[in-house]
Amino acid sequence: IEHGRPQRAAPWWQGERGRLLERAAAGTPVYVYHLPTVRDRARALLDIDAIDRRYFAIKANPHPAILRTLAAEGFGLECVSLGELEHVFATLPDFDPARVLFTPSFAPRAEYEAAFALGVTVTLDNVEALRNWPETFRGRTLWLRIDLGRGDGHHAKVVTGGAASKFGLPLAAFDDFVAQARALDARISGIHAHLGSGISTPAHWREVYAELAGFADSVGTVETIDIGGGLPIPYKPESRAFDLAAWAAGLAEIKAAYPRFALAVEPGRYMVAECGVLLTHVTQVVEKQGIRRVGLDAGMNALMRPTLYDAYHGIHNLSRTGGEGEAAFDVVGPICESGDVFGAGRMLPAATAEGDVVLVADAGAYGFVMANRYNLRELPREDVLE
Ligand code: LLP
């Protein structure tokens, strides 16, 4: 046991083989979400006293059952488009708009105006919007998203800080933004930074809080500091669980140093990635020039993460144990692109055959919501385990 790093619990789906095979029999590909796991992650964050406000980044998984579950646990919701805002209020008609954040990127002016009309908290990350659309922002209360000049994340495509990233107000423009806001009688009540997704160092967020607190002080009207989302989950067999205790200890320390602000977080992946699996059927098993391939009825159309980010997802045959021996397979989908590969050289039962049910693990975040109908494949179904 490595000292100080938490051990991983066995995944929930190991105890749910029967119900999962039943759901797969009703038609694949299907995403299945395990709500007790969502509740478990929610409660882990609720137990951290240093955090004052928790928002779920619904882009990770806006399934109504997941939104209802997290809302019932007291989470607020973070949205990035008018579509997401409308979805929240259609799903939860009585949800308090004060518990909703709107953090768009390069959104049209009309979306900011619609968000103000809904009464949600609007975050802005550039000075041009204030300058070009003064009547939209005059007299409003705003949050400001800052680019602290660096970013982090599991892949270059999800780093959201630094000069190469389109997100956030650069530090050099901070004084200008504050002056423009004052000129419009707009009040900056929150300061925000989200520098990337899948960040593995627990100290990242306390450093962000400390830096933002300096800016918050100089504005004078800031009540909330939002240190973003970006918490990782252990996708690979050799990955350790994120050290939530170390994360919480860092937040407690920094909160004690700057106690006058409410501390907000907005995780997406951490809340839902491990609750979701993608169930598929094997279509064909083919050997070509020394490489054995297992073909699934789900590919990059159903789950884009492996193709887009070289992301790793565990792949397991639910229909057989490896008792009769295992072999290495490339696991591919039915899409007409060479990048349509879920995993290369994966160990699966050697007897894996057409009709077997294959589970793709940790697919609850950025899975179904990023699926598409490329090649005119149907979208996957979604299902829930209570
Ligand atoms: N807040 C803001 C402003 C964000 O842009 C994001 C994610 C989050 C919170 C939540 O980040 P999380 O806790 O999930 O890391 N499709 C990619 C991830 C894209 C993340 C986009 N922004 C993936 O599958 O890895």
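Just so you know, all these numbers are worked out from the coordinates, no wet-lab data involved. Predicted model, so just to flag it, every value in this text is computed and none were measured. No Cβ is skipped: glycine too gets one built from the backbone with ideal geometry, and neighbour counts run over all protein chains shown.
How do 91, 121, 321, 221 line up, fewest other C-beta atoms within 10 Å first? Walk me through the numbers before you get to the answer.
Values: 91 18, 121 25, 321 9, 221 15.
If I rank by nearby Cβ atoms, fewest first, I get 321, 221, 91, 121.
Once phi is turned into ³J(HN,Hα) by the Karplus curve 6.51 cos²θ - 1.76 cosθ + 1.60 with θ = phi - 60°, what whole-Hz value does each residue of region 233-240 show in order, with x for glycine and proline?
Per-residue couplings from phi come out as 10, x, 6, 8, x, 8, 6, 8 Hz.
Hey, for a label at residue 347 modelled as a point 7 Å past Cα toward Cβ, could you say which residues of region 308-325 have their backbone N under 15 Å away?
Hits in region 308-325 for residue 347 at 15 Å: 314-317, 321-325.
Restricting things to alpha carbons, find the Rg to Rh ratio for the chain using the Kirkwood radius for Rh. Before the final figure, lay out the partial values.
Numbers: Rg = 22.2 Å, Rh = 22.1 Å.
That ratio equals 1.00.
Amide H neighbours of residue 78 under 5 Å, counting only residues 5+ apart in sequence or on other chains, H built in-plane at 1.01 Å?
Under 5 Å from the amide H of residue 78 lie the amide H atoms of 56, 57, 58, 101, each far enough along the sequence or on another chain.
Which residue, 237, 97, 349, has the most motion in a Gaussian network model of the chain that connects Cα atoms within less than 10 Å?
The residue with the greatest mean-square fluctuation here is 237.
How tilted is helix 82-91 with respect to the longest principal axis of the chain? Cα atoms for both, answer in degrees (0 to 90, nearest 10).
The angle comes out near 70 degrees.
If you count the DSSP beta bridges with both ends in the chain, what percent of them are antiparallel, to the nearest 5?
Working: 24 of 58 bridges.
About 40 percent, rounded to the nearest 5.
How large is the dipole of the chain about the Cα centre if only Lys and Arg carry +1 and Asp and Glu carry -1, each at its Cβ, rounded to the nearest 20 debye? If you can, show how the numbers build up before the last one.
Details: 38 positive and 48 negative charges, 33 e Å.
Roughly 160 debye, rounded to the nearest 20.
Along region 48-62, what does the Karplus equation 6.51 cos²θ - 1.76 cosθ + 1.60 (θ = phi - 60°) give for ³J(HN,Hα), rounded to whole Hz, x for Gly and Pro?
Calculated HN-Hα couplings, in order: 8, 5, 5, 8, 9, 9, 10, 10, 8, 6, 5, 4, 5, 5, x Hz.
How much length is gained on full extension from residue 386 to residue 207, taking 0.36 nm per residue of separation minus their Cα-Cα distance?
Working: separation 179, 0.36 × 179 = 64.44 nm, distance 3.78 nm.
Taking residue 386 through residue 207 to full extension adds about 60.7 nm, to one decimal.
Which lysines does residue 59 reach when only Cα atoms under 22 Å apart count, and residues fewer than 8 places away in its own chain are ignored?
157, 166
When the label point is put 7 Å from the Cα of residue 182 along its Cα-to-beta-carbon vector, which residues of region 124-148 have a backbone N closer than 16 Å?
139
Apply the a/c threshold of 1.5 to the C-alpha gyration tensor of region 62-267 and tell me whether it is rounded, prolate or oblate. Mind dumping the intermediate values first?
Values: a/c = 1.58, a/b = 1.19, b/c = 1.33.
Because a/c hits 1.5 or more and a/b fails to exceed b/c, region 62-267 counts as oblate.
Okay, helix-only estimate at 222 nm for the chain: each DSSP H run of n ≥ 4 adds -39500 (n - 2.57), divide by all residues, round to 500 deg cm²/dmol; what do you get?
Values: 12 runs with 110 residues, N = 386.
My calculation for the chain gives -8000 deg cm²/dmol from helical runs alone.
Hey, rough spin-label estimate for residue 117 and residue 262, points 7 angstrom out along Cα→Cβ, what's it come to in nanometres?
Simple spin-label model gives 2.6 nm for this pair.
Counting other beta carbons within 10 Å of each residue's own, what order do 360, 277 fall into, fewest first? Numbers along the way, then the final one.
Numbers: 360 26, 277 30.
Neighbour counts put them in this order, fewest first: 360, 277.
Under 5 Å between amide H atoms, partner at least 5 residues away or on a different chain: which partners does residue 169 have, H built in plane at 1.01 Å?
145, 146, 147
Can you compute the FRET efficiency between residue 246 and residue 17 using 1/(1 + (r/R0)^6), with r the Cβ-Cβ distance and R0 = 56 Å? Round to the nearest 0.05.
Working: r = 34 Å, r/R0 = 0.60.
That pair, residue 246 with residue 17, gives E of 0.95.
Report the full-extension gain for the segment residue 72 to residue 321: residue separation times 0.36 nm, less the Cα-Cα distance, to one decimal in nm.
Gain on extension, residue 72 to residue 321, equals 85.8 nm.
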